[in-house]
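Undergrad: For reference, the structure I am asking about is given below.
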Amino acid sequence: MPFRQSWSGHLIVGTLTAIGIVIALALSRFFLPHQVNFFALLLIVALSTVAVEFFSAHVDRWDQRRWHHPSPGGWIPPLSRIVFFAGVYFLVTLGLTWNSRQALICAGVATGVAIIEVFGVREWKTGLTTAEEREATLKAKKALEEIAIEARIERREKARRKDAERRKRLGLPEDTSPIITVKPGGFEFRPHRVNFIPPRAEPDAAGQPNGQPDDRCDGRPQEGRD
């Protein structure tokens with residue numbers, strides 16, 4: 001996996017952790033002796049998140065190459081991640097505020113959130129191999145296709161029932177065409193053709209329906225006439 005892609009994935013997870021750290025630091029101002037304003041906290045968290053995820057991505061890539069596995073597990077990546085949180089937050093806060101007490105408080109809160117993240121995600125457990133990930137992706141794709149097919153069949157079945165009710169209300173004959181045809185992509189309803197049936201014409205005085213030519217008045221010569 002390229003480093004840029006790995007780092008992007010780390011930044012997505014790190015953003016969620018950063019939100020938790022911002023909330024924890026904002027709440028800690030009510031009972032801990034530090035006076036860092038909210039905008040300074042946002043800057044500290046943003047810079048620290050980029051740095052922590054950069055170092056964590058390098059450790060993960062090293063571990064993946066070491067074991068030739070996309071998610072080898074073990075305790076080295078999660079423990080190093082906790083150390084990165086503690087060190088980076090301390091240095092960034094110290095560099096921006098020049099206050100060691102505030103740096104210790106920010107580093108302690110960030111480390112606590114990082115420990116919760118590590119145990120919540122369980123980063124030390126071995127994940128799926130590349131083949132297993134591909135198989136799981138194919139199974140999920142197949143399941144989604146089946147759900148889509150079932151929804152399409154149900155939608156077309158509702159349309160067919162409405163069409164049948166309309167035909168019954170208008171006195172039209174039932175559509176005897178096949179309802180479902182099987183295709184490689186799944187089941188598909190064949191569109192129904194609504195044929196217009198003209199009303200039956202009333203017979204006239206000559207016994208012929210209105211609008212129909214009379215055979216007796218046909219202009220063609222009759223056979224056998226002299």
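The values are calculated or read from the model by the stated rules, or taken from the named source; none is laboratory data. What you are looking at is a predicted structure, and each value in this text was computed from that prediction instead of being measured. Virtual Cβ from ideal backbone geometry, glycine too; neighbours counted across all protein chains shown. Note: areas computed on protein heavy atoms with side chains; ligands, DNA, RNA excluded. Shrake-Rupley method; radii C 1.70, N 1.55, O 1.52, S 1.80 Å.
Undergrad: Collect the residues in the range 39-50 that are open to solvent by less than 50 Å² (accessible area, probe 1.4 Å) and either among the acidic types (Asp, Glu) or modelled with pLDDT under 90 (or both), keeping them in residue-number order. Please lay out each step first, then the result.
TA: So in the range 39-50, the residues open to solvent by less than 50 Å² (accessible area, probe 1.4 Å) come out as 40-41, 44-45, 48-49.
If the condition is that a residue be open to solvent by less than 50 Å² (accessible area, probe 1.4 Å) and either among the acidic types (Asp, Glu) or modelled with pLDDT under 90 (or both), then 40, 41 are the ones that fit.
Undergrad: Checking residue 36 against (1) assigned to a helix (DSSP H, G or I); (2) open to solvent by less than 30 Å² (accessible area, probe 1.4 Å); (3) over 30 Å from residue 131 (Cα atoms), which test does it fail?
TA: (1)
Undergrad: From the list 128, 104, pick out the single residue that is over 20 Å from residue 69 (Cα atoms) and either under 36 Å from the mean Cα position of the chain (by Cα) or at pLDDT 90 or above (or both).
TA: On the way: 128 fails: over 20 Å from residue 69 (Cα atoms).
The match here is 104.
Undergrad: Kindly evaluate residue 17 against the criterion of being open to solvent by less than 80 Å² (accessible area, probe 1.4 Å), in contact with a Leu (Cβ under 8 Å, 6 or more places away or on another chain), in a helix (DSSP H, G or I) and β-branched (Val, Ile, Thr). Outline the logic, then answer.
TA: Numbers: open to solvent by less than 80 Å² (accessible area, probe 1.4 Å): yes; in contact with a Leu (Cβ under 8 Å, 6 or more places away or on another chain): no; in a helix (DSSP H, G or I): yes; β-branched (Val, Ile, Thr): yes.
So residue 17 does not fit the description; no.
Undergrad: Can you pull out the residues in the range 70-83 that are open to solvent by 90 Å² or more (accessible area, probe 1.4 Å) and free of Cβ contacts under 8 Å to residues at least 40 places away in the same chain?
TA: Keep residues of the range 70-83 that are open to solvent by 90 Å² or more (accessible area, probe 1.4 Å), which gives 75, 79, 83.
Within the range 70-83, 79, 83 qualify.
Undergrad: Just wondering, is there one or more residues in the range 137-145 that are of a type in the set (Val, Ile, Thr), open to solvent by 30 Å² or more (accessible area, probe 1.4 Å) and touching a residue at least 60 places away in the same chain (Cβ under 8 Å)?
TA: First, the residues of the range 137-145 that are of a type in the set (Val, Ile, Thr): 137.
Subsequent filtering for residues that are open to solvent by 30 Å² or more (accessible area, probe 1.4 Å) retains 137.
Subset that is touching a residue at least 60 places away in the same chain (Cβ under 8 Å): none.
No, every residue in the range 137-145 fails to be of a type in the set (Val, Ile, Thr), open to solvent by 30 Å² or more (accessible area, probe 1.4 Å) and touching a residue at least 60 places away in the same chain (Cβ under 8 Å).
Undergrad: Out of the residues in the range 84-103 that are free of Cβ contacts under 8 Å to residues at least 40 places away in the same chain and aliphatic (A, V, I, L, M), state the one that is surrounded by the most Cβ atoms within 10 Å (Cβ to Cβ).
TA: 103
Undergrad: Same structure again: Applying the selection to the range 20-33, what residues are modelled with pLDDT of 90 or more and open to solvent by 90 Å² or more (accessible area, probe 1.4 Å)?
TA: 23
This table checks each residue for (1) surrounded by fewer than 10 Cβ atoms within 10 Å (Cβ to Cβ); (2) at pLDDT below 50; (3) assigned to a loop (DSSP other than H, G, I, E, B).
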| position | (1), (2), (3) |
| --- | --- |
| 123 | no, no, yes |
| 134 | no, no, no |
| 152 | no, no, no |
| 158 | no, no, no |
| 167 | no, no, no |
| 182 | yes, yes, no |
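Undergrad: Yes or no: the range 51-69 includes at least one residue that is surrounded by 14 or more Cβ atoms within 10 Å (Cβ to Cβ), more than 30 Å from residue 131 (Cβ to Cβ) and of a type in the set (A, V, I, L, M, F, W, C). Step through it out loud before you land on a result.
TA: Of all residues in the range 51-69, those surrounded by 14 or more Cβ atoms within 10 Å (Cβ to Cβ) come to 51-61, 63-64, 69.
Next cut, more than 30 Å from residue 131 (Cβ to Cβ) only: 51-52.
From the residues that got through so far, the ones that are of a type in the set (A, V, I, L, M, F, W, C) too are 51-52.
Yes, some residue in the range 51-69 is surrounded by 14 or more Cβ atoms within 10 Å (Cβ to Cβ), more than 30 Å from residue 131 (Cβ to Cβ) and of a type in the set (A, V, I, L, M, F, W, C).
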